[in-house]
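Please read the structure below before turning to the comments.
Each reported figure results from applying straightforward, stated rules to the coordinates on display, with no laboratory input. Predicted model, so just to flag it, every value in this text is computed and none were measured. Heads up, the Cβs are rebuilt from the backbone with ideal geometry, glycines too, and the neighbour counts pull from every protein chain shown.
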C-alpha cells in the first residue's frame, strides 16, 4: 500500500509552518546582504585611506626632492580636492581626487643625547576632505645642511 497514509496524519506543510520557514529564510537573506554591504563599505573606506596615503606620500616626496634652499617655498602649498597633480603636472588617479592636500614647513630643533641640538625643518603634509576637515597627515624632519667651513 504505497502512498497511503493512516487517517489523522495531515499531508504537506501547514500555513503556519510555511510562514515560519519564509521568515527564517528572509532573516538569513537579510543577514547575508547586510554582511556584503558592510564589507563593501569597509573596502571603500580602506581604498579611500590608501588613496589619501599615496597622495600624501607623493607630495611629501616632491617636497623632499626639491632643493633644500627652496623647501620653505612649499609652506602653505595647497591642492584642493579634484586638483591633485604629480611632479610633471599630470592629474593623479581619480580615486585620489576625493581629497585635498596641503604642506606646512616648520623650523624645529631636535636634540640628540640631551646636549646636541640639531636645527632642521619639519615638513607636514595634511590630507583634508571636501569640508576642509583634516583626515590624515604625515611628516618628516630633515636637518639643515651643515655650513661649509
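Quick look at the numbers
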read-out: Top-ranked residue of the range 53-86 - restricted to ones that are out of contact with any strand residue (DSSP E or B) (no Cβ under 9 Å at 6 or more places or on another chain) and outside any helix (DSSP H, G or I), ranked as farthest from residue 142 (Cα to Cα); value: 86
read-out: Within the range 51-86, tally of residues that are within 22 Å of the chain's Cα centre (by Cα), at negative phi and without any contact (Cβ under 8 Å) to a residue 40 or more places away in the chain; value: 11
read-out: Condition broken by residue 58, with the remaining ones in (1) within 30 Å of residue 122 (Cβ to Cβ); (2) loosely packed, with under 12 Cβ neighbours inside 10 Å satisfied; value: (2)
